[in-house]
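J.: Please find one structure pasted underneath; my questions will follow.
The values are calculated or read from the model by the stated rules, or taken from the named source; none is laboratory data. Not measured: the values here are computed from a predicted model. Note that each Cβ is placed from the backbone with ideal geometry, even for glycine, and that neighbours are counted across all protein chains shown.
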Amino acid sequence: MKERFNETLLANVGKLTEYYKLSCRSLIPRQAMRTMLNKSLLALFFCLMADVVFGQINPAGPIVAIGDIHGDYDNFKKVLIDSGLINRRGNWIAGNTRFVQLGDLPDRGPDTEKIIVQMQKLQRQAIKDGGEVFALIGNHEAMNIYGDLRYVHPGEYKALKGKNSRRLRSRYYDAEVTRLSAADDTFVADSRFKDQWLQSHPLGFVEHRIAWSPDGKFGSWVVTNKAIVKVGRSLFVHGGVSPKLLGMSIDDINSQVRRELKGDLPEEPGLSEAQDGPLWYRGLASGDEQLEASHVDDVLAAFDVDKIVLGHTPGLGTIVPRFGGKVLIIDTGISKYYGSHLASLRIEEGNYFTIQNGEKILLPNTDSAMLSYFKHMAEVKPTQALLNRLEELKP
């Protein structure tokens, strides 16, 4: 069941936003607050002017792309280091590299906040060095915003728990009972209902929903990001591009997804929830290659690109080329939940490489080269799924 955070309900939970504002005011003197604000505005100005101050981003620089992370900060940091993007202190060292993370930072693991903070840090640092960081919106970011919490790890709530969590939850419960009672005259908040409600709303739940609201510390960042982006000659999107999207531009798609996540559009399910939307579509990742081949060519032509790079669909524990290398699926299963298959995509001088286990392997551009690629990857990082794939490809 979805539980999108209700701002009206929030207003009834002891005016939580005012509580946080008053807490900040009591901790920080007014003059200090003004100084901090002025410095923040100055920093924002320099970020906006970064292309002028720090030099234009080099369009010929390398591109690195990393797939789904799913709440595993340790493995995320490892793959960033292996990709040459950061040092062991977590700082950007990749110069004018453009880095694309294909979404699904949250769920299935407890470290979403640490991962988002790291991404935000890299966004700031990269632009000063002539690089750029794109954080794409995945279906799990969208789910957290619109309240589909099926895959939230218990550690996510625990990480946000504070000294006021019990009181906040109690007020949220009271407001929820009031809402349900007004909607249904037969509703009774008995002990069984309360026990079940408390079990599904652990301490930290209210803070989690505030953080993922479109104005919260996580949600407000997500809604500034893109669902789809063209970098160099490649199109990057979390799920895929269905026939439904071919009449839309990149800007149109991004604008609609953002507006939906902000709650500005009434349509259901919309692009952010639809199975044929950019966050969910799996046709390019798992559809029949013969049946989908013409659609792939239509997508390449519509967006004037050579490759389509996807996350969302884990499978073989390595980067999977499809359609003669025109489509690359880079959700390798980085998180512990999916087996800790640490890999990234590197693009330089028109060539595409898998970076995995300390090796840099050229990705194939033809069906005839697929067998040798998968044989090599089975030696680098064997998985049962990959071995099964090899059997399918053998003549």
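J.: Give just the number: which of (1) over 17 Å from the mean Cα position of the chain (by Cα); (2) modelled with pLDDT of 95 or more does His153 not satisfy?
T.: Every listed condition holds for His153 apart from (1).
J.: So in the range 304-325, with the set limited to residues that are surrounded by fewer than 19 Cβ atoms within 10 Å (Cβ to Cβ) and either among the basic types (Lys, Arg) or in contact with a strand residue (DSSP E or B) (Cβ under 9 Å, 6 or more places away or on another chain) (or both), which one is farthest from Leu386 (Cα to Cα)?
T.: Asp304
J.: Can you tell me which of (1) charged (D, E, K, R); (2) in contact with a Phe, Trp or Tyr (Cβ under 9 Å, 6 or more places away or on another chain); (3) free of Cβ contacts under 8 Å to residues at least 12 places away in the same chain is the one Arg192 doesn't meet?
T.: Looking at each condition in turn, Arg192 falls short on (2).
J.: Taking Gly239, is it surrounded by 16 or more Cβ atoms within 10 Å (Cβ to Cβ), closer than 30 Å to Asp288 by Cβ and either out of contact with any strand residue (DSSP E or B) (no Cβ under 6 Å at 6 or more places or on another chain) or of a type in the set (A, V, I, L, M) (or both)?
T.: When the stated conditions are applied, Gly239 passes them.
J.: Please list, ordered by first then second residue, the pairs with beta carbon atoms under 7 Å, 6 or more apart or interchain, first in the range 347-360 and among the aliphatic types (A, V, I, L, M), second assigned to a strand (DSSP E or B).
T.: Here the result reads Ile347/Ile63; Ile347/Ser234; Ile355/Ala343; Ile355/Ser344; Ile355/Arg346, each pair linking the range 347-360 to a residue that is assigned to a strand (DSSP E or B).
J.: Might you check whether a residue that is within 28 Å of Gly71 (Cα to Cα), among the acidic types (Asp, Glu) and in contact (Cβ under 8 Å) with a residue 40 or more places away in the chain occurs anywhere in the range 321-336?
T.: The answer is yes, given that some residue of the range 321-336 is within 28 Å of Gly71 (Cα to Cα), among the acidic types (Asp, Glu) and in contact (Cβ under 8 Å) with a residue 40 or more places away in the chain.
J.: What single numbered condition from (1) under 19 Å from Asp104 (Cα atoms); (2) at pLDDT below 95 fails to hold for Lys217?
T.: Among (1) under 19 Å from Asp104 (Cα atoms); (2) at pLDDT below 95, Lys217 violates only (2).
J.: Let me ask something additional. Only residues that are among the hydroxyl-bearing types (Ser, Thr, Tyr) and either more than 27 Å from Ala135 (Cβ to Cβ) or buried (at least 17 other Cβ atoms within 10 Å of the Cβ) (or both): list them for the range 264-300, please.
T.: Ser272, Tyr281, Ser294
J.: Also, I was wondering about something else. Tell me yes or no: at least one residue of the range 270-278 is modelled with pLDDT of 95 or more and not in a loop (DSSP other than H, G, I, E, B).
T.: no
For (1) in the same structural domain as Gln275 (by TED's automatic domain parsing); (2) touching a strand residue (DSSP E or B) at 6+ places or on another chain (Cβ under 6 Å); (3) of a type in the set (Ser, Thr, Tyr); (4) in a loop (DSSP other than H, G, I, E, B), each residue gets a yes or a no:
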{"residue": "Val177", "(1), (2), (3), (4)": "no, no, no, no"}
{"residue": "Ser181", "(1), (2), (3), (4)": "no, no, yes, no"}
{"residue": "Phe187", "(1), (2), (3), (4)": "no, no, no, yes"}
{"residue": "Arg209", "(1), (2), (3), (4)": "no, no, no, no"}
{"residue": "Val229", "(1), (2), (3), (4)": "yes, yes, no, no"}
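J.: Taking the criterion of being closer than 14 Å to Ala211 by Cβ, in the same structural domain as Pro314 (by TED's automatic domain parsing) and buried (at least 17 other Cβ atoms within 10 Å of the Cβ), would at least one residue in the range 122-137 satisfy it?
T.: No, that holds for no residue.
J.: Sticking with this structure for a sec: In the list Pro243, Pro266, Pro278, which residue meets the criterion of being in contact with a His (Cβ under 7 Å, 6 or more places away or on another chain) and over 20 Å from Ile330 (Cβ atoms)?
T.: The conditions single out Pro243.
J.: Go through (1) outside any loop (DSSP other than H, G, I, E, B); (2) out of contact with any strand residue (DSSP E or B) (no Cβ under 9 Å at 6 or more places or on another chain) one by one and return the number of the condition Val133 breaks.
T.: If we test Val133 against (1) outside any loop (DSSP other than H, G, I, E, B); (2) out of contact with any strand residue (DSSP E or B) (no Cβ under 9 Å at 6 or more places or on another chain), just (2) comes out false.
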